[in-house]
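Structure, as structure tokens:
The values are calculated or read from the model by the stated rules, or taken from the named source; none is laboratory data. Please read all numbers here as calculations on a predicted model, not as lab measurements. Every residue, glycine among them, receives a Cβ derived from its backbone with ideal geometry; neighbour counts consider all protein chains shown. These accessible areas exclude ligands, DNA and RNA; they are computed on the full protein's heavy atoms, side chains included. Shrake-Rupley method; radii C 1.70, N 1.55, O 1.52, S 1.80 Å.
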Amino acid sequence: MAERPMWEQIGTSFVQLYYQQFDTNREQLGALYTDASCLSWEGQQFQGKASIMEKLMTLPFQKIQHNITSQDHQPAPDNCILSMVVGQLKVDNDPVMGFHQMFVLKNMNDKWICSNDIFRLALYNFA
């Protein structure tokens, strides 16, 4: 059986680490961003580690659990990795909700960081 491409291994490892930290101790996520990183969260734009972490730390729930349905990873220009995640999340006592999240991962000083992060809940209006 052929070994998975390196970008898939790195992307999968990043996704596993990201959601494990998000679900257990969001403060640790700061190590995954830089001052040049960008986050789009439900259409709101944040740039830089401090701004991103302020947003993530002030999200209005006590506990969260992510369940990854699928993830895809591709090599991207400038030795980056594009990662797309689809899954479900449960916050506090709310019903389960779908979500989509995309990351652009970049190797800086032999460490993979998130240069771009886009998050959207998968909410549908069938009216």
(request) Find the accessible area per residue for the chain; the probe is 1.4 Å, ligands and nucleic acids are left out, and the unit is Å². (result) 62 Å²
(request) May I ask you to evaluate 6.51 cos²θ - 1.76 cosθ + 1.60, the Karplus curve with θ = phi - 60°, for each residue of the stretch 44-54 and list the ³J(HN,Hα) values in order in whole Hz, giving x for glycine and proline? (result) 7, 9, 9, 10, x, 4, 4, 5, 5, 5, 4
(request) Heavy atoms only, probe 1.4 Å: what % of the accessible area of the chain goes to carbon and sulfur, would you let me know? (result) 51 percent
(message) Taking the alpha-carbon distance from Lys106 and a cut-off under 23 Å, which lysines remain once sequence neighbours fewer than 8 residues away in the same chain are dropped?
(response) Lys49, Lys55
(request) Sort 51-64, 74-87 for me by packing, meaning the mean count of neighbouring Cβ atoms within 10 Å per residue, highest on top. (result) 74-87, 51-64
(message) Can you work out the Karplus-derived ³J(HN,Hα) for every residue in the stretch 79-86? Use 6.51 cos²θ - 1.76 cosθ + 1.60 with θ = phi - 60°, whole Hz, and x for glycine or proline.
(response) 6, 9, 10, 9, 10, 10, 10, 10
(request) Mind checking which aspartates and glutamates have their Cα closer than 17 Å to the Cα of Lys111? Skip sequence neighbours fewer than 8 apart in that chain. (result) Glu8, Asp35, Asp78
(message) How large is the Rg to Rh ratio of the chain when both quantities use alpha carbon positions and Rh follows Kirkwood?
(response) 0.97
